1. Would you tally the residues in region 217-254 being within 22 Å of the chain's Cα centre (by Cα) and of a type in the set (Ser, Thr, Tyr)?
2. Failed condition for GLY290, given (1) within 19 Å of PRO77 (Cα to Cα); (2) away from the ligand (no atom under 11 Å from the Cβ); (3) open to solvent by less than 20 Å² (accessible area, probe 1.4 Å), with all others met?
3. Within region 40-63, how many residues turn out to be more than 19 Å from the chain's Cα centre (by Cα) and either within 13 Å of the ligand (Cβ to nearest atom) or part of a helix (DSSP H, G or I) (or both)?
4. Quick check, is THR343 among the hydroxyl-bearing types (Ser, Thr, Tyr) and within 12 Å of the ligand (Cβ to nearest atom)?
5. For region 270-282, what are the residues that are at negative phi, not hydrophobic (A, V, I, L, M, F, W, C) and not in a strand (DSSP E or B)?
6. Somewhere in region 151-166, is a residue touching a Gly at 6+ places or on another chain (Cβ under 8 Å), of a type in the set (S, T, N, Q) and within 16 Å of the ligand (Cβ to nearest atom)?
7. Which one of these is within 16 Å of the ligand (Cβ to nearest atom), more than 30 Å from GLN113 (Cα to Cα) and touching a Phe, Trp or Tyr at 6+ places or on another chain (Cβ under 7 Å): ASN245, ASN271?
8. So which of VAL36, VAL7, VAL69, VAL74 ends up being touching a Ser or Thr at 6+ places or on another chain (Cβ under 7 Å), touching a residue at least 12 places away in the same chain (Cβ under 8 Å) and within 16 Å of the ligand (Cβ to nearest atom)?
Amino acid sequence: MTKKILVLPGDGIGPEIVAEAVKVLEALRQRHGLDVELEHGLVGGAAIDATGGPLPAETLEQAKAADAVLLGAVGGPKWESLDIGIRPEKGLLGLRAGLDLFANLRPAILYPQLAGASSLKAEIVAGLDIMIVRELTGGIYFGQPRGIRTLDNGERQGFNTLVYAEHEIERIVRVACDIARKRGGRVCSVDKANVLECTELWREVATRVVSQDYVDIQLSHMYVDNAAMQLVKWPKQFDVMVTSNMFGDILSDAAAMLTGSIGMLPSASLNAEGRGMYEPIHGSAPDIAGQGVANPLATILSVAMMLRYSLDEPALAERIEQAVNQVLDQGLRTPDILSEGMTQVNCAAMGDAVVAFV
Ligand code: NAD
């Protein structure tokens, strides 16, 4: 059956990098029978300019009807002075909430060819391949009550609430275990169970889920402060990490930075039906937008994740990942990952090089 993909280029470098990812999808369609139909839509600043809001109702409807969404990036200085409720980023949040994308998958992969780009020693990070699974729709970012109140003594007090119901913990742990089964079979659940009752429950539920349904998975637990330290000290010890919304936000950025190349990292956000939104982890890079120099590989690798997690085409996903490896082996580099002796190429040439290998 033909699968529907909604393409949302967004702002800044979004349209440039998404164009290269679409080239790759087209090549897979023509050469390897990938049965997909692409539809384009508006989100972020582009949607504000065209319709007055960052997430038009039509875009959300298109996204709900699609098997997967491919997103570039949103935001930029042009829209920064707008009220926070109608800024481009609200478009993303609206898509996450509207599609109930509770599982955020952030791989931190360091291609051996790029080991020199990391701020850590090459031997510590070369070949790094971690998958961080972050809960995305619950926890302290959404818990009620929240706000800033004035106390009896006139002093102001800020407050937020960390809440997780058992089903929220259970479903994200299951996602992590299912992914671990296709990788190294190890899951490290990150919490702060020594201080926060909410994450004491997290640990208890994670242990129960694994002992009931994933006896083949090797589960370990780690406090978040130790996890941050271990990520920097010995990152290759991890296979899959699963954690709450805020801890995942912080740890996945730290893990991404281990690789030193923000233009290389894809991400996926999935709902219970396995439908998902796929996007590079970086933003719209307004400083280089329109110059044709952005690195499209994170977006192209997001397509690989889409093929693996929403379109059930793991062989084609691997084909893209292999093609990226071959392009790097050839020494082709966009400016952000350029090093001595390599060949500098622009965004479109990088896309063409991947297309040549898929
Ligand atoms: P950014 O990720 O856009 O850029 C950070 C730095 O990395 C910049 O120097 C940029 O040139 C570089 N960079 C990013 N992607 C690159 C690529 N593919 N190739 C080469 N270089 C690349 O982060 P920022 O500057 O903090 O934010 C810029 C805008 O993007 C803001 O409006 C922000 O709100 C938005 N943003 C959007 C998302 C998203 O759409 N998911 C995520 C983060 C930031």
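The values are calculated or read from the model by the stated rules, or taken from the named source; none is laboratory data. Since the model is a prediction, treat every value here as computed from it, not as a measurement. A quick note on method: Cβ atoms are made from the backbone with ideal geometry, for glycine too, and the neighbour counts reach across all protein chains shown. All accessible areas refer to the heavy atoms of the entire protein, side chains included, with ligands and DNA or RNA removed. Shrake-Rupley method; radii C 1.70, N 1.55, O 1.52, S 1.80 Å.
1. 3
2. Tallying (1) within 19 Å of PRO77 (Cα to Cα); (2) away from the ligand (no atom under 11 Å from the Cβ); (3) open to solvent by less than 20 Å² (accessible area, probe 1.4 Å), GLY290 fails exactly one: (3).
3. 15
4. Details: among the hydroxyl-bearing types (Ser, Thr, Tyr): yes; within 12 Å of the ligand (Cβ to nearest atom): no.
No: the conditions fail for THR343.
5. Selection gives ASN271, GLU273, ARG275, HIS282.
6. no
7. Exactly one of ASN245, ASN271 is within 16 Å of the ligand (Cβ to nearest atom), more than 30 Å from GLN113 (Cα to Cα) and touching a Phe, Trp or Tyr at 6+ places or on another chain (Cβ under 7 Å), namely ASN245.
8. Numbers: VAL36 fails: within 16 Å of the ligand (Cβ to nearest atom); VAL7 fails: touching a Ser or Thr at 6+ places or on another chain (Cβ under 7 Å); VAL69 fails: touching a Ser or Thr at 6+ places or on another chain (Cβ under 7 Å).
Going through VAL36, VAL7, VAL69, VAL74 in turn, the sole match is VAL74.
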